[in-house]
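Okay, structure first, notes after.
The values are calculated or read from the model by the stated rules, or taken from the named source; none is laboratory data. Because the structure is a prediction, the values reported are computed rather than measured. Virtual Cβ from ideal backbone geometry, glycine too; neighbours counted across all protein chains shown. Quick note on the areas: whole protein, heavy atoms, side chains included, nothing else; ligands and nucleic acids left out. Shrake-Rupley method; radii C 1.70, N 1.55, O 1.52, S 1.80 Å.
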Amino acid sequence: MSLFSLVTGRPGPSGFGSASTAEQVTEGIDATNLTAVITGGASGIGLETARVLALRGAHIIIAARNTEAANEAKQLILNDNETARVDILKLDLCSMKSIRAFADSFNALDLPLNILINNAGIMFCPYKLSEDGIEMQFATNHLGHFLLTDLLLDKMKNTARVTGIEGRIVNLSSIAHLHTYEGGVRFDNINDEISYSDKRAYGQSKLANILHANELSRRLQKEGAKITVNSVHPGLIMTNLMRHSALMMRILKVFTYIFWKNVPQGAATTCYVALHPSLKGATGKYFLDCNEIAPSAFARDEVLAKKLWDFSNKLVKSALNS
Ligand SMILES: NC(=O)c1ccc[n+]([C@@H]2O[C@H](COP(=O)([O-])OP(=O)(O)OC[C@H]3O[C@@H](n4cnc5c(N)ncnc54)[C@H](OP(=O)(O)O)[C@@H]3O)[C@@H](O)[C@H]2O)c1
């Protein structure tokens, strides 16, 4: 997609562009036989994704740490569509204990799982460690989703096998993956506070979202599992994500307003990648404005992706055993 298309909303090869909304890109799609888990589905892009997938008939599980906000989100969706199927399960991605509890609760529901949208995220927060002692943006944005995906994968594989319907995993990344630490991921000092940069730590976590999607995609292809894994940049949308940088973002928006989207446009790429039939079999790809583009060289680096996979496994194992 060119800068011209981004600003004007001119559709790309998919027929959609930056001005397309989530409703437009899913128009006419019947998702009544699908179940989707959406992390962070109580606000922003995740809520709009939940609303539109529910509008197309999917059974939605909103995975949220704030269940009060999630209940309000559910009510909003039901106000729009009284037949929407929406359930809420508690999930705190910066706690491995909470992620395991979520997976146990979800599995106990004995539902199928066709779509997993790893959407929740935090941005530019001051240095902090998670409950498991891992730098917060890496822990929440990447590691939490890494563990969650792993715990839900058997269910997804089984659903795809039994139903014959392709499963889809969508990781919400960001163009911010371009602005990371030297070397991409700080394997040797992931928790270093002195050299911590809130911006680079966010970029690192968003790079990790793409590397995770690509490595998982390769592994699933090797196994012959009928599940695709892709990552997306939703665009620039004013949401609660900006809570740690609200003033800076408001000022930035004044000078760059032509690049910003509203929330329905911001949820379009996620919904397109999660539902659109033209993407059947498309996996290990990165999308912006509903069109595939190439991410950074780090994001395309298979060695880095494998290294991150092993590193993440090690972190998860040591946290769960401590
Ligand atoms: N907005 C943009 O311009 C933009 C650009 C590029 C990429 N993205 C990506 O898009 C995704 C959605 O962001 P958004 O803009 O919709 O922001 P948002 O409105 O703040 O939504 C993020 C959601 O994630 C949840 N969350 C945060 N930490 C969590 C945790 N530990 N456990 C469970 N849920 C947690 C939040 O819940 P709480 O309300 O409880 O915190 C919130 O519901 C993020 O991954 C973000 O990186 C956004």
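Things worth noting here:
- Scanning segment 96-113 for residues that are within 22 Å of Glu135 (Cβ to Cβ) and open to solvent by 90 Å² or more (accessible area, probe 1.4 Å) yields Lys97, Arg100.
- Residue, surrounded by the fewest Cβ atoms within 10 Å (Cβ to Cβ), within segment 15-42, restricted to residues that are near the ligand (Cβ under 10 Å from one of its atoms) and of a type in the set (Val, Ile, Thr): Thr39
- Applying the criterion of being in a helix (DSSP H, G or I) and polar (S, T, N, Q) to the residues of segment 258-278, the residue that is most open to solvent (accessible area, probe 1.4 Å) is Ser278.
- Of the residues making up segment 214-252, those that are under 21 Å from Ala42 (Cβ atoms) and of a type outside the set (A, V, I, L, M) are Pro234, Gly235, Thr239, Asn240, Arg243, His244, Ser245.
- Residue check for Ala208: open to solvent by 10 Å² or more (accessible area, probe 1.4 Å) and of a type in the set (Gly, Ala, Ser): no
- Residue pairs meeting the criteria (Cβ under 8 Å; at least 6 apart or on separate chains; first under 17 Å from Asn71 (Cα atoms), in segment 83-108; second within 12 Å of the ligand (Cβ to nearest atom) and aromatic (Phe, Trp, Tyr)): Leu89/Phe102; Lys90/Phe102; Leu91/Phe102
- Where Asn79 falls short, out of the listed (1) assigned to a loop (DSSP other than H, G, I, E, B); (2) more than 16 Å from the ligand (Cβ to nearest atom); (3) farther than 16 Å from Gly167 by Cα: (1)
- Among residues of segment 43-60, those that are within 13 Å of the ligand (Cβ to nearest atom) and either modelled with pLDDT under 95 or not polar (S, T, N, Q) (or both), counted: 7
- Failed criterion for Pro295 (all others in (1) over 26 Å from Gly15 (Cα atoms); (2) open to solvent by less than 60 Å² (accessible area, probe 1.4 Å) hold): (1)
- Taken as a whole, the condition of being closer than 22 Å to Leu275 by Cα and among the aliphatic types (A, V, I, L, M) does not apply to Leu151.
- If only residues of segment 225-257 that are part of a loop (DSSP other than H, G, I, E, B) and touching a residue at least 60 places away in the same chain (Cβ under 8 Å) are counted, the one that is most open to solvent (accessible area, probe 1.4 Å) is Lys226.
- Remark: pairs (first residue in segment 7-21, within 15 Å of Ile237 (Cα to Cα); second residue acidic (Asp, Glu) and not in a loop (DSSP other than H, G, I, E, B); Cβ separation under 9 Å; 6+ apart in sequence or on different chains) = Thr21/Glu48.
- Pairs where the first residue, in segment 173-185, is within 17 Å of Met249 (Cα to Cα) and among the hydrophobic types (A, V, I, L, M, F, W, C) and the second is within 12 Å of the ligand (Cβ to nearest atom) and modelled with pLDDT under 95, C-beta under 6 Å, 6+ apart: none
- Any chance Thr228 is among the polar types (S, T, N, Q), under 16 Å from the mean Cα position of the chain (by Cα) and near the ligand (Cβ under 10 Å from one of its atoms): no
- Exactly one residue among Leu152, Leu113, Leu147, Leu143 is within 26 Å of Glu48 (Cβ to Cβ) and assigned to a loop (DSSP other than H, G, I, E, B), and that residue is Leu113.
- All positions within segment 282-291 that are in contact with a Gly (Cβ under 9 Å, 6 or more places away or on another chain) and either surrounded by fewer than 16 Cβ atoms within 10 Å (Cβ to Cβ) or not aliphatic (A, V, I, L, M) (or both): Asp289, Cys290, Asn291
- Of all residues in segment 117-145 being more than 9 Å from the ligand (Cβ to nearest atom) and open to solvent by 20 Å² or more (accessible area, probe 1.4 Å), the one that is nearest to the chain's Cα centre (by Cα): Phe124
- Meets criteria (within 16 Å of the ligand (Cβ to nearest atom), assigned to a loop (DSSP other than H, G, I, E, B) and aliphatic (A, V, I, L, M)) for Ile99: no
- Among the residues making up segment 258-278, those that are away from the ligand (no atom under 13 Å from the Cβ) and over 17 Å from the mean Cα position of the chain (by Cα) are Ile258, Pro277, Ser278.
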